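Presented below is the structure to which this report refers.
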Amino acid sequence: PDHYIFESEAMGETATSGRGIPKSKIDVIHLGVDTEKFQPHTNSTYAHDTFNIPKDKKIIFYSGHMEPRKGVAVIMQAANIMLDSRRRQDLHFLLLGNQPGEEQPYIDLLTPLAKKNVTFGGYRNDIHKILPSCYAGCIASTGWDSFTMSSIEMASCGLPLLVSDMQGLVETVVHGETGFHFTTADPTDLAEKLSPLLNDQSLRNEMSDVARNRTVKHFSKGIQTSKLSQLLTKALHSSANNKHRAKTRR
């Protein structure tokens, strides 16, 4: 290829350091989200109503595949810590993306108390309605992950994010401003990072505002399209100039 486009700095680094691709042949253009469709709504209880979750529960949200590298087991272990060991009565974990039966191995990891406060909701086409009524998002990947679409969908809806501190995933969160990074595969650290958000509504709201504003400013579909257009225009001009110089030399 004449040029490579990656969705995260981490992917670009893998290409240059691991595969020997020159930096001059690489650009990073992050994914873009529809910020009009994915946006915060005040006092929404859509998720609570849809999944029969008590309205006084703060929903911690995950959406994605159920394969081991996505770290769903880490979320389950953190749920045990928060709900069973620490006896938190104010939260509920909602996970989407499971096909029928995929959730069972993860449910088996839960204590009896935690099971009452964890919901697997399967595949949905109304995530943009569900997200605004959630309290925070979580992506706990333990294997390779990059700048995920689910992360900017959550941030666009004003959810602070807790993400494992690996590869491109860390690029989705400004630590301490739009959420927190936690140690990969460490449910105790995930629980530790979640606690301040649950204990301090003003901190959560501040992070929510910053996450939303950052997404609108940097990760909208319009910005992604504009950057792609600029890059393609530059590449076409460069190709035309190279052909012109080749003809001139002949």
Boolean, I5 is in a loop (DSSP other than H, G, I, E, B) and either more than 19 Å from L232 (Cβ to Cβ) or more than 17 Å from the chain's Cα centre (by Cα) (or both): no
Tell me which residues, restricted to the range 113-125, are touching an Asp or Glu at 6+ places or on another chain (Cβ under 7 Å) and open to solvent by less than 20 Å² (accessible area, probe 1.4 Å). A114
Can you pull out every residue in the range 75-112 that is open to solvent by less than 10 Å² (accessible area, probe 1.4 Å), part of a helix (DSSP H, G or I) and of a type outside the set (G, A, S)? I75, M76, M82, L83
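Any residue at all in the range 208-216 that is at pLDDT below 95 and among the polar types (S, T, N, Q)?
Restricting attention to the range 208-216, the residues satisfying the condition of being at pLDDT below 95 are none.
No, the range 208-216 contains no residue that is at pLDDT below 95 and among the polar types (S, T, N, Q).
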Within the range 171-182, is even one residue touching a residue at least 40 places away in the same chain (Cβ under 8 Å) and hydroxyl-bearing (S, T, Y)? no
By residue number, the members of the range 36-63 that are of a type outside the set (F, W, Y), open to solvent by 20 Å² or more (accessible area, probe 1.4 Å) and under 21 Å from R212 (Cα atoms) are E36, K37, Q39, P40, H41, T42, N43, S44, T45, K58, S63
Against the conditions (1) modelled with pLDDT of 95 or more; (2) of a type in the set (D, E, K, R); (3) in contact with a helix residue (DSSP H, G or I) (Cβ under 8 Å, 6 or more places away or on another chain), where does D145 fall short? Just the number, please. (1)
Looking at (1) among the hydrophobic types (A, V, I, L, M, F, W, C); (2) under 30 Å from L236 (Cβ atoms); (3) open to solvent by less than 50 Å² (accessible area, probe 1.4 Å), which one does M11 not meet, given that it meets all the others? (3)
Tell me yes or no: at least one residue of the range 16-23 is part of a helix (DSSP H, G or I) and open to solvent by less than 50 Å² (accessible area, probe 1.4 Å). yes
Kindly indicate whether any position in the range 237-244 is modelled with pLDDT under 90 and in contact with a Phe, Trp or Tyr (Cβ under 6 Å, 6 or more places away or on another chain). no
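The values are calculated or read from the model by the stated rules, or taken from the named source; none is laboratory data. Predicted, not measured: the structure shown is a model, and the values here were computed from it. Here Cβ is always computed from backbone atoms with ideal geometry, including for glycine, and neighbour counts include all displayed protein chains. Each accessible area value is taken on the protein alone, full model and side chains, heavy atoms only, with ligands, DNA and RNA left out. Shrake-Rupley method; radii C 1.70, N 1.55, O 1.52, S 1.80 Å.
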